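Take a look at the structure below.
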Amino acid sequence: MTRKVLLAPSLLSADLLHVSRSIESLGDQYDWLHVDVMDGRFVPNITFGPAFVAALRKGYPGAFLDVHLMVEEPSGILDAFLDAGPDILTVHVEVEHHVHRTLGRIRERGVKAGISLNPGTSEELLRPLLPFIDHILVMSVNPGFGGQSFIEPVLEKTRQLCRWRTAGNHSWLIAMDGGLGLENAGRIARAGCDVLVMGSAIFGALDPAERVQEIKRRVKEAMTGA
Ligand code: DX5
Ligand code: ZN
């Protein structure tokens, strides 16, 4: 049986004046909604806060909200984001002195705890944390902006994480974020990714729902070797 690969459109590339229209343009084709939180310090851009996540939760009670914190001091704003109702809350391994404690605080609230790493960060940093996480978000661009080019060597990180998952009998999911699109979705899924985060490739399309279907078709072909 082939693994199920999920698609997580990133709202960073949505129409910010009409976010709900962008979400509705996906029809029922998407699996998760990815929300990029940027603080202008960890990354050179500023985006959404907890009130935005709470509004999404209210407007789309059944949606699976995957919240990616690209912020310098996540522990200070963690409760506000937890209160907003995400399904996954992901922090970066590069920013947190006490990341183990932060992951514990997320799980205590019944939210899935995610950890992310930049392209220049070794996966070895995640090793002591592997039993304490539900989700790994591998960055395949330097975070901050949509529409950047995929950094190819991160695929090897995914393969290593898959080996560790099998060896340790872990059940976390592996997601990849940045520079994904029609051309590379298949081989990224084949390398072991369970979740494909995509912004510009989906919301930049004339028909986002049709684009998601096409991406899913390509992933299926790649997974079945067709
Ligand atoms: C990048 C963000 C991504 C972004 C991806 O800093 O974390 O989630 O939305 O955008 P694309 O798919 O356009 O590279
Ligand atoms: Zn992201």
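The values are calculated or read from the model by the stated rules, or taken from the named source; none is laboratory data. Keep in mind it's a predicted model, so treat the numbers as computed, not measured. With ideal geometry, Cβ positions are generated from the backbone for all residues, glycine too; neighbour counts draw on all protein chains shown.
Just a few scattered comments:
- When we screen 161, 196, 125 for residues that are within 29 Å of residue 44 (Cβ to Cβ), over 17 Å from the mean Cα position of the chain (by Cα) and either within 16 Å of ligand 1 (Cβ to nearest atom) or part of a helix (DSSP H, G or I) (or both), the only hit is 125.
- Flag if residue 82 is in a helix (DSSP H, G or I), closer than 27 Å to residue 94 by Cβ and at pLDDT 95 or above: yes
- Options 13, 25: the member that is touching a Ser or Thr at 6+ places or on another chain (Cβ under 6 Å), within 18 Å of residue 211 (Cα to Cα) and buried (at least 18 other Cβ atoms within 10 Å of the Cβ): 13
- Subset of region 113-132 (residues that are surrounded by 19 or more Cβ atoms within 10 Å (Cβ to Cβ) and closer than 19 Å to residue 36 by Cβ): 113, 114, 115, 116, 117, 118
- Lone unmet requirement of (1) within 13 Å of ligand 2 (Cβ to nearest atom); (2) crowded, with 23+ Cβ neighbours inside 10 Å; (3) not β-branched (Val, Ile, Thr) for residue 208: (1)
- Filter result (hydrophobic (A, V, I, L, M, F, W, C) and over 19 Å from the mean Cα position of the chain (by Cα)) within region 210-226: 222, 223, 226
- Whether a residue is within 16 Å of ligand 1 (Cβ to nearest atom), under 20 Å from residue 5 (Cβ atoms) and part of a loop (DSSP other than H, G, I, E, B) was assessed, and residue 150 passes this test.
- Looking only at region 40-75, and only at residues there that are without any contact (Cβ under 8 Å) to a residue 60 or more places away in the chain and charged (D, E, K, R), the one that is farthest from residue 101 (Cα to Cα): 58
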